[in-house]
Amino acid sequence: MSISSPKSPNWSSPDPKSPVDEEERLRELGYQPVLARRMGGFGNFAISFSVISVLSGCMTLYSFGMNTGGPAVMLWGWIAVGFFVLCVGMALAEVTSAYPTSGALYYMADRLGGRKWGWYTGWLNLLGLLGAIAGIDYGAALFTGAFLNLQWGFDPTPGSTMVIFLIILLLHATLNLFGVKLVSVLNSISVWWHLIGVGIIVGVLAVVPKNHQSPEYVFTEFVNNTGWENPLYVAAIGLLLAQYTFSGYDASAHLSEETSNASVTAAKGIVRAIWVSWIAGFALLAGLTFAIQDYTGALNSKTGVAPAQIMIDALGTGGASALLLIVIVAQLFCGNAEVAAASRMVFAFSRDNALPGSAIWRKVSAKTQTPVPAVWLAVGCAALLALPSLYSATAYGAVTAINVIGITPAYIIPVYLKLRAGDRWQPGPWSLGKWSKPIGWVAVAWVVVVTVLFLLPQSNPVTVDTMNYASIALVAVLTLATAWWFVARRSYSTPQAYGSAREQAELSDQIV
């Protein structure tokens with residue numbers, strides 16, 4: 001299809017560095033403001049930082065990293081992936097500055113490339129966000145089971161883990177019903193909990209254990225338990241630990257309709273969340289790896305969680321329990337922030353009639369100005385995605401793969417379309433200037449490479465239990481999106497500038 005002219009808004013302020021009227025800008029983009037704009041710049045940064053959550057991603061996938069490359073790939077991979085993700089984040093932040101809406105990625109793609117670009121970007125983004133809720137909260141359930149095992153000998157079976165997971169989902173849904181102000185406060189607490197928590201974990205693991213691994217071991221030891229013989233292939237798929245953790249920073253964009261001065265603060269929130277997480281995550285991975293006492297024993301831990309066993313070996317049961325509690329609370333903060341981001345994506349996609357039952361999911365509570373049905377749909381879909389974990393130990397890995405393969409391509413589509421637009425692109429108040437194109441093309445190249453990598457099988461031989469289901473998930477969502485396109489293509493549409501009187505009236509009617 002031919003490229004459509006990018007439709008950038010007319011800035012309300014003549015000076016791009018000064019605050020603009022965000023409510024008026026939202027109307028210029030075609031939407032009537034219906035969500036409460038009660039989140040500040042720190043809160044916007046905090047939601048992306050909380051969703052990235054190094055204490056969730058790094059800890060949950062640490063066992064995966066121990067098998068796919070070991071310490072060397074985890075540490076050097078974190079450094080390399082962090083750099084490229086920062087490029088992706090900066091490129092995405094620039095587009096976010098021009099189009100600060102709850103729809104975020106799909107709205108950007110629609111404006112820059114046309115309806116079909118927006119449609120498929122939206123479905124990929126939605127798949128990734130729902131997969132992220134399932135992955136984060138199921139990971140929290142696994143760590144909770146390990147904690148209960150240490151404290152009271154609890155047996156973390158698949159069934160009991162699923163019950164814990166559903167309780168966590170219910171908790172996050174409930175918290176999100178109270179409005180964005182509570183979400184913002186919790187995310188602000190989450191930032192300090194993560195930073196102080198990482199400091200405590202790293203500090204304790206550095207001081208208390210009598211024995212530590214050498215720097216040579218931490219930065220050069222290569223471990224391959226995948227069954228594949230090629231070390232480069234193993235190292236490549238081992239990057240999943242870092243790439244999975246570095247996801248979810250689009251949360252700042254999804255909450256932009258609830259953020260003050262969003263055209264600047266949402267863009268800054270994305271970038272800050274990535275580089276702060278980059279530093280904190282490296283410290284956490286290094287601290288945990290230096291403290292390994294028994295590599296094989298940690299992988300075969302009765303707790304089912306390798307980091308828990310590393311802490312037990314290094315600190316004893318009491319110390320390990322205390323550090324696990326820090327991790328679990330951080331994971332709960334992370335999951336709560338992800339539910340907020342995903343529900344805004346559901347709300348925005350339904351506002352443009354892209355989902356079955358859109359009239360239901362776009363309703364907003366008059367009391368809290370929160371999209372209540374969208375919250376329940378987000379957690380409900382996450383619960384369904386995690387159900388196969390009752391029957392297969394590899395299902396959780398499939399959920400994390402769904403998250404990465406859905407959300408990572410969605411990040412780069414608006415960036416690619418912006419680059420394709422060339423001089424027709426009009427940046428917002430936050431811009432990369434002369435670095436826009438170089439950083440943008442680096443970001444596009446990285447996402448192409450990493451998307452291919454994460455479709456590849458991770459274990460050999462490839463069986464029903466070891467297969468990487470990301471490719472099936474990708475085909476399934478694209479097939480669903482294509483099929484639904486023929487049903488909803490006449491009703492799906494992002495509004496033109498200022499919208500029609502009828503559109504504005506219809507949106508107002510959805511406040512209940």
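The values are calculated or read from the model by the stated rules, or taken from the named source; none is laboratory data. A quick note: this is a predicted structure, and the numbers were derived from the prediction, not measured. Here Cβ is always computed from backbone atoms with ideal geometry, including for glycine, and neighbour counts include all displayed protein chains.
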Go through (1) of a type outside the set (Asp, Glu); (2) free of Cβ contacts under 8 Å to residues at least 40 places away in the same chain; (3) closer than 15 Å to residue 55 by Cβ for residue 327 and report which single condition fails. (2)
Here is a check on your reading of the model: is residue 92 at pLDDT 90 or above and surrounded by 20 or more Cβ atoms within 10 Å (Cβ to Cβ)? yes
Restricting the range 366-403 to residues that are at pLDDT 70 or above, under 19 Å from residue 161 (Cβ atoms) and in a loop (DSSP other than H, G, I, E, B), which is farthest from the chain's Cα centre (by Cα)? 391
What number of residues within the range 222-265 are among the charged types (D, E, K, R) and closer than 21 Å to residue 295 by Cβ? 1
Among the residues of the range 474-486, are any farther than 30 Å from residue 233 by Cα, of a type in the set (Val, Ile, Thr) and at pLDDT 90 or above? yes
The range 148-246: helices (runs of 4 or more DSSP H) wholly inside it with 3 or more residues that are over 30 Å from residue 447 (Cα atoms) and within 22 Å of the chain's Cα centre (by Cα) are 158-176, 180-207
Criterion first (part of a helix (DSSP H, G or I), at pLDDT 80 or above, surrounded by fewer than 17 Cβ atoms within 10 Å (Cβ to Cβ) and touching a helix residue (DSSP H, G or I) at 6+ places or on another chain (Cβ under 7 Å)) does residue 435 satisfy it? no
What are the pairs, 6+ residues apart or on separate chains, where a residue within the range 367-387 that is under 20 Å from residue 356 (Cβ atoms) and without any contact (Cβ under 8 Å) to a residue 40 or more places away in the chain has its Cβ under 6 Å from a residue that is part of a helix (DSSP H, G or I) and of a type in the set (S, T, N, Q)? 374/343
Residues in the range 445-470 that are without any contact (Cβ under 8 Å) to a residue 40 or more places away in the chain and either in contact with a Lys or Arg (Cβ under 7 Å, 6 or more places away or on another chain) or surrounded by 15 or more Cβ atoms within 10 Å (Cβ to Cβ) (or both): how many? 1
Selected residue (only one of 121, 144, 101 is polar (S, T, N, Q), over 13 Å from residue 413 (Cβ atoms), in a helix (DSSP H, G or I) and in contact (Cβ under 8 Å) with a residue 40 or more places away in the chain): 144
Report, by residue number, each residue of the range 95-118 that is buried (at least 24 other Cβ atoms within 10 Å of the Cβ) and aromatic (Phe, Trp, Tyr). 99, 106, 107
For the range 35-83, give me every one of the helices (runs of 4 or more DSSP H) that falls completely inside it and has 3 or more residues that are over 15 Å from residue 237 (Cα atoms) and of a type in the set (A, V, I, L, M, F, W, C). 41-52, 54-60
Please go through the range 148-174 and give me each residue that is surrounded by 19 or more Cβ atoms within 10 Å (Cβ to Cβ) and at pLDDT 90 or above, ordered by number. 161, 164, 165, 168, 169, 172, 173
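Answer yes or no: is there a residue in the range 57-72 that is on the phi > 0 side of the Ramachandran plot and in contact with an Asp or Glu (Cβ under 7 Å, 6 or more places away or on another chain).
yes
One residue is enough: does the range 270-282 have a residue meeting the conditions assigned to a strand (DSSP E or B) and either more than 30 Å from residue 102 (Cα to Cα) or more than 22 Å from the chain's Cα centre (by Cα) (or both)? Outline the logic, then answer.
Restricting attention to the range 270-282, the residues satisfying the condition of being assigned to a strand (DSSP E or B) are none.
Within the range 270-282, none of the residues are assigned to a strand (DSSP E or B) and either more than 30 Å from residue 102 (Cα to Cα) or more than 22 Å from the chain's Cα centre (by Cα) (or both).
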Filter result for the condition that a residue is farther than 30 Å from residue 25 by Cα and buried (at least 21 other Cβ atoms within 10 Å of the Cβ), over 220, 226, 303: 303
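The rows are residues; the columns are (1) within 16 Å of residue 135 (Cα to Cα); (2) at pLDDT below 90; (3) of a type outside the set (Ser, Thr, Tyr).
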position: 307; (1), (2), (3): no, no, yes
position: 321; (1), (2), (3): no, no, no
position: 342; (1), (2), (3): yes, no, yes
position: 359; (1), (2), (3): no, no, yes
Can you tell me which of 392, 343 is touching a residue at least 24 places away in the same chain (Cβ under 8 Å) and over 20 Å from residue 247 (Cβ atoms)? 392
